[in-house]
1. When residue 27 is evaluated against the numbered criteria (1) more than 22 Å from residue 102 (Cα to Cα); (2) assigned to a helix (DSSP H, G or I); (3) of a type in the set (A, V, I, L, M), which criterion, by number, is the only one it fails?
2. Which residues, taken from the range 155-177, are out of contact with any helix residue (DSSP H, G or I) (no Cβ under 8 Å at 6 or more places or on another chain), part of a helix (DSSP H, G or I) and among the aliphatic types (A, V, I, L, M)?
3. Just give me the residues in the range 18-28 being without any contact (Cβ under 8 Å) to a residue 60 or more places away in the chain and surrounded by 17 or more Cβ atoms within 10 Å (Cβ to Cβ), in sequence order.
4. Give me the pairs: first residue in the range 37-55 and over 16 Å from residue 112 (Cα atoms), second residue in a loop (DSSP other than H, G, I, E, B) and of a type in the set (Asp, Glu), beta-carbon distance under 6 Å, and six or more apart or on different chains, which are they?
5. Go through the range 2-57 and give me each residue that's under 27 Å from residue 135 (Cα atoms) and of a type in the set (Gly, Ala, Ser).
6. I'm trying to understand the selection: among the residues of the range 90-106, which are modelled with pLDDT under 95 and either closer than 18 Å to residue 45 by Cα or aliphatic (A, V, I, L, M) (or both)?
Amino acid sequence: MGIIGTYEQLAPACHEYDSNYPAAANLLIALIHARDPKLIAYHVGSTSVPNCAGKGVIDLLVTYPAGSLPSASALLQALGFQAQTSRNPFPEERPLRVGSLQHMSRHYRIHAHVVNAQSPEVKELLWFRERLEMDTLLRTQYVAEKRRILLEGVADSTEYAERKGAFIQAQLQTRRV
């Protein structure tokens, strides 16, 4: 039996920031690194940014060296992570693994994005996290966009992710210019 619990698929929501997110994420990062030091995990997404409201899911970016996707996937499975089962899942060559963690009397859902360390996506995710940390206006706009999407009645997590992804992509375009 793995350390990671069963993932519960919930409708998208926008929760206020929980100051225990970093400790829970650091525990997960340490678990992964202890089992395979070649895997580098980062805490990304709204839960990694103080005072950023979001879906309340701890997003991890788990990077692996070229050719190590099978061993990275096996390690996450051994910890108890599950394959994504939502509509339109990530492809297996760039998987998303899901799970949950009991920490500090709270139940946290987890999304582990498994990405080749050389992928441009790694720099993009880390750049966006840093921008949200440094730019209060951007953080406010991002939260407002998520709330706007929910107010429009979006109840499907895949549609929610796609819609807020457009905001993120627009920010990434400013990086590339």
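1. With respect to (1) more than 22 Å from residue 102 (Cα to Cα); (2) assigned to a helix (DSSP H, G or I); (3) of a type in the set (A, V, I, L, M), residue 27 is out only on (1).
2. Just the residues of the range 155-177 that are out of contact with any helix residue (DSSP H, G or I) (no Cβ under 8 Å at 6 or more places or on another chain), to begin with: 155-159, 161-162, 165-166, 169-170, 173-174, 176-177.
Among the residues that remain, those that are also part of a helix (DSSP H, G or I) are: 157-159, 161-162, 165-166, 169-170, 173-174, 176.
Passing the criteria: 161, 166, 170.
3. The initial filter retains those residues of the range 18-28 that are without any contact (Cβ under 8 Å) to a residue 60 or more places away in the chain, namely 19, 22, 25-26.
Within the range 18-28, 25 is the sole residue that qualifies.
4. 53/16
5. 13, 19, 23, 24, 25, 41, 45, 46, 48, 53, 54, 56
6. Correct list: 90, 104.
The values are calculated or read from the model by the stated rules, or taken from the named source; none is laboratory data. Treat the numbers as computed from the prediction; the structure is a model and nothing was measured. Heads up, the Cβs are rebuilt from the backbone with ideal geometry, glycines too, and the neighbour counts pull from every protein chain shown.
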